[in-house]
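The values are calculated or read from the model by the stated rules, or taken from the named source; none is laboratory data. Note that the structure is predicted; figures quoted are calculated from it, not measured. Glycine also receives a Cβ, built like all others from the backbone with ideal geometry; neighbour counts cover every protein chain displayed. Protein only, heavy atoms only, side chains kept; ligands, DNA and RNA dropped before computing areas. Shrake-Rupley method; radii C 1.70, N 1.55, O 1.52, S 1.80 Å.
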Amino acid sequence: MSTGQVIKRAKYKTSVKDPGTPGVLKMTENKFLFRPNDPSSNKKLEVEFRFIQSHKNTKEGSNKPPWLNLIHSQGHSYIFEFESFPDLHVCREFVGIALGKSGDVAKAVPTAISAEQLSTAEMELRIKLLREDSKLQKLHKELVIAGKLTESEFWATRKKLLDKDESRKLKQRVGFKNSMIFDTKPTSDGRTNQVTFNLTPEIKYQIFALKPAVHQAFLNFVPSKMTEKDFWTKYFRAEYLHRTKNAVAAAAEAAEDEELAVFLKDDEILESEARKKVRWVDPTLDMEADQGDDYTHLPDHGIFRDGGKEISEAQYQLYKRTFLQDLNRQGAVVLEGRTLDVDLEHPRTVAEALARTRQESDGDIEQERLNRISQMTLIEDLQAQDNHCFAPLCIKDPREYFDSQQANAVKTLDDSQVGMEQIKCSLPSDEAYGSLRVSISNLKAMGSRDPLVSPEIALTILNGLTKNISSTKYHLGKNSQESVLDILPSTTKEQLLDHWTSSQELLRHYWSSYPITTPNLHTKVNRLKDAISQIYSKLEEIKVSARSDLRHQVSLIVHPMQQALDAALLHYDADMRRRTARGQKSNGYV
Amino acid sequence: MASGPSKLYADDVSLLVVLLDTNPFFWSTFSLQFSEFLSHVLAFLNSILLLNQLNQIVVIATGCSSCSYIYDSSSDSNPGSEFGNMPRLYSNLLQKLEEFVARDEQLLKAGKQGAIASSLLSGSLSMALCYIQRVFRSGPLHPQPRILCIQGSPDGPEQYVAIMNAIFSAQRSTVPIDSCYIGSNNSAFLQQASYITGGIYYRPPQLDGLFQYLSTVFATDLYSRAFLRLPKSVGVDFRASCFCHKQTIDMGYVCSVCLSIFCEPHKKCSTCGSVFGQAQLDVASEASRKRMASDTKWCSGSNDKIGTGIVEVCVKSACRSVVGCFTGFLGM
């Protein structure tokens with residue numbers, strides 16, 4: 001599979017309805033060929049990928065057979081039916097890569113990719129990342145295309161890049177419509193007494209979400225008791241009655257038609273929900289006492305739309321809905337957001353899906369309420385102390401740590417240290433302190449010398465400082481930000497930087513593949529070792545070929561890089577020796 | 001200029017905290033007499049006070065068994081007035097210094113014999129930072145603080161962690177640590193301290209003109225430094241001390257859990273107690289189980305327990321890259 005072609009048994013179909021011609025599909029880097037099993041058939045195909053505009057395929061789990069649809073740039077399409085979905089996936093990926101390659105020649109498309117089962121989306125993401133970041137592309141070209149690292153190894157260290165892009169791709173979800181469906185305006189033709197309501201699947205969904213009672217009724221009545229059309233007619237009739245503010249008429253209608261009454265009465269489900277919400281209000285707050293503050297029912301208050309001036313009678317109160325209630329409900333549903341993600345075409349499925357999301361456990365409400373009350377009325381002073389069980393985060397017994405440090409300190413000081421001048425403590429402390437005291441009292445008695453610093457010394461010091469500072473300026477550039485790199489010719493600089501990034505990358509991979517536990521790691525380490533030695537020799541070349549006046553600077557820069565590579569190579573050799581030694585021993589035993 | 005409680009602190013008013021090395025073992029073997037050294041430093045302190053009348057200096061003595069504040073110009077009402085044959089500043093400071101040396105000697109005697117101490121730089125750095133924190137909290141207006149270490153005795157590697165902590169807290173509170181190192185070899189601690197906090201590190205080559213160096217290099221306030229070209233250290237020794245033997249190393253083993261540095265592989269981290277097990281326990285081969293801890297790698301976790309490993313890394317405080325360090329290259 002690592003080779004640049006895929007051969008699968010497939011049926012070629014000119015259209016979806018076509019029964020298909022059985023044969024063999026062969027895909028290479030540039031084109032795909034179809035050879036029918038029946039050599040006399042004229043359904044032979046040979047199409048280059050650059051003519052293919054895009055591709056589609058059926059999803060696993062859907063009830064369709066595994067189809068791959070390659071769409072020609074001139075409009076017609078080639079449909080292949082595979083024997084299984086795995087076959088389809090292999091081909092689909094291959095096509096994805098091939099299309100990506102033919103689409104953009106400059107693109108660095110991995111060749112060894114087919115070994116890994118990558119989705120097209122991920123491939124595209126990688127290609128996009130490479131195209132956006134030329135440095136990354138360069139590194140990719142140098143390491144992956146040259147076979148020093150595999151594609152997956154290269155990307156494994158850049159998961160962050162891939163993830164970041166993934167999150168950016170997340171599509172914005174469509175929320176719940178903000179417009180009030182209560183405002184669905186009927187249209188009347190003016191001549192007859194008819195009004196027409198326009199109903200779309202979206203509005204149906206909105207109605208279900210906003211009015212659980214209607215939703216419930218729909219589930220109960222349709223299609224057992226009435227047709228969907230009847231249902232909606234009834235519903236809008238009820239709505240119309242509300243709209244015309246005809247509470248008396250509504251009551252009368254409701255008395256006649258019990259199904260209609262469902263729509264006209266206050267939504268019981270809503271009410272229970274409201275009760276539930278009230279329970280979540282701070283239990284120490286007396287809601288009933290606050291009810292007196294509600295003045296919207298008083299004359300000259302409330303909202304005009306509700307027709308506040310209308311004198312209402314208690315028996316019709318049931319059939320009245322206020323604008324505020326509608327508004328609140330709308331707000332609550334909009335905030336909840338769109339909870340289901342189904343096709344809105346069939347109201348029945350929408351209703352059922354919605355019912356599923358509504359199911360929630362009620363639990364022991366009273367107990368919960370009591371708990372909440374006790375939580376809210378907590379008075380800190382009267383509570384027993386919270387004795388949370390916890391294990392103290394104890395890194396280690398600190399005393400033990402410092403004791404060991406002290407012992408170490410003494411020991412180290414006794415040892416003679418390399419590059420560290422130690423105080424010769426031949427002098428006993430009495431004498432040492434004595435001389436210090438003498439110095440202080442001397443100074444006290446004599447005062448400081450006059451002049452403190454002789455003019456000649458001061459002058460030499462100033463000259464020295466000036467020379468020192470100006471020489472660092474020459475050597476290190478005008479400021480510390482400027483590095484030696486800037487004085488090198490740009491090609492050398494570029495080369496050095498490139499080698500630096502690739503050697504960093506290689507070393508990171510190299511060290512992270514120890515200890516070698518699998519054959520895979522073993523081959524990887526070998527591959528990396530070869531790459532490292534290549535870079536090493538390239539660095540050597542740069543050092544040699546540098547201009548003589550810059551050679552010292554270059555070698556200064558190259559030195560630490562070579563050191564790092566050396567460490568890796570040394571480790572490799574040592575490890576190899578250990579391995580062979582162990583290998584011999586085990587051979588001896590067996 | 002305003003006086004009294006509402007002092008007008010311009011941006012060139014300094015609070016200079018001077019850490020004075022008073023290690024008797026160093027001074028008794030050093031070529032420069034301590035009295036000479038003191039007279040240079042005292043003259044320098046005096047000139048700092050003369051540069052701006054709001055300038056403030058605090059002197060902390062760094063002994064080998066204790067540290068102490070020996071001078072604070074804010075509590076000295078009239079440092080300029082003569083007392084005997086010298087200014088009041090001198091006499092006050094010397095008086096306190098004498099008392100300090102006596103106390104330090106007693107403490108050393110009371111302590112373990114044979115425990116040879118290097119100067120407690122970590123202690124005096126901490127005291128300086130505490131003093132500066134108090135100034136920071138005194139109100140929105142305060143002089144610009146900086147620390148000047150005048151150090152001669154070599155680094156005590158056993159103080160590595162404490163000193164690095166002090167350095168990092170100075171960096172956090174943007175207090176530069178200037179270092180004037182008069183010892184014979186460069187001090188890695190002070191080089192790092194100045195490098196990290198953006199201070200100046202300088203080792204004067206000619207000690208009979210110490211005052212000249214101090215007043216030329218270290219007397220400039222933080223504001224004026226922007227306009228001056230002061231000596232830059234050419235190289236900084238970034239090496240760390242290992243936690244186990246306090247040796248200065250440049251390649252070592254780092255605990256993957258707490259980043260403690262060791263000069264040799266350990267079975268268990270002595271700082272955090274993590275056991276460096278083999279993360280790949282499921283690998284059955286005997287050989288791989290016997291493998292040295294140095295071979296284990298960074299593990300994000302294995303099947304049943306959190307994998308801990310110890311890795312060989314460059315331990316320079318600015319680098320920490322897995323073997324291979326390009327400090328000074330590419331702006332690292």
**Asked** Within 10 Å of each Cβ of A:511-522, how many other protein chain Cβ atoms are there on average?
**Response** 4
**Fill in**
For segment B:61-203, dividing by residue count, accessible area per residue (probe 1.4 Å) in Å² works out to 40
**Request:** Work out the mean other chain Cβ neighbour count within 10 Å for the residues of B:220-232 and drop it here as an integer.
**Result:** 2
**Fill in**
Between chains A and B, the summed loss of accessible surface on complex formation, probed at 1.4 Å and reported to the nearest 100 square angstrom, is 6800
**Prompt:** If you count, for each residue, the other Cβ atoms within 10 Å and average over each peptide, how do B:177-190, A:37-50 line up from highest to lowest?
**Reply:** B:177-190, A:37-50
**Item:** Peptide ranges A:430-442, B:220-232 listed from the most packed, as the mean C-beta count within 10 angstrom indicates
**Value:** A:430-442, B:220-232
**Complete:** Partner shielding of A:201-207, taken as the mean number of other chain Cβ atoms within 10 Å, equals 0
**Item:** residue B:226 versus residue B:107: modelled label distance in nm, points set 7 Å from Cα along the beta carbon direction
**Value:** 4.0
**Message:** For a quick check of understanding: with a 1.4 angstrom probe and all protein chains in place, what accessible area in square angstrom does residue A:151 have, to the nearest ten?
**Reply:** 10
**Request:** Pop out the carbon and sulfur fraction of the accessible area of segment B:159-210 as a percent, whole number, probe 1.4 Å.
**Result:** 48
**Probe 1.4 Å, protein heavy atoms only - accessible area per residue of segment A:516-566 in square angstrom** = 52
**Asked** Based on the mean of other beta carbon atoms within 10 Å per residue, what is the order of B:191-202, A:137-148, most packed first?
**Response** B:191-202, A:137-148
**Item:** residue A:456-residue A:26 pseudo-label distance in nm [points 7 Å out on the Cα-to-Cβ vector]
**Value:** 9.8
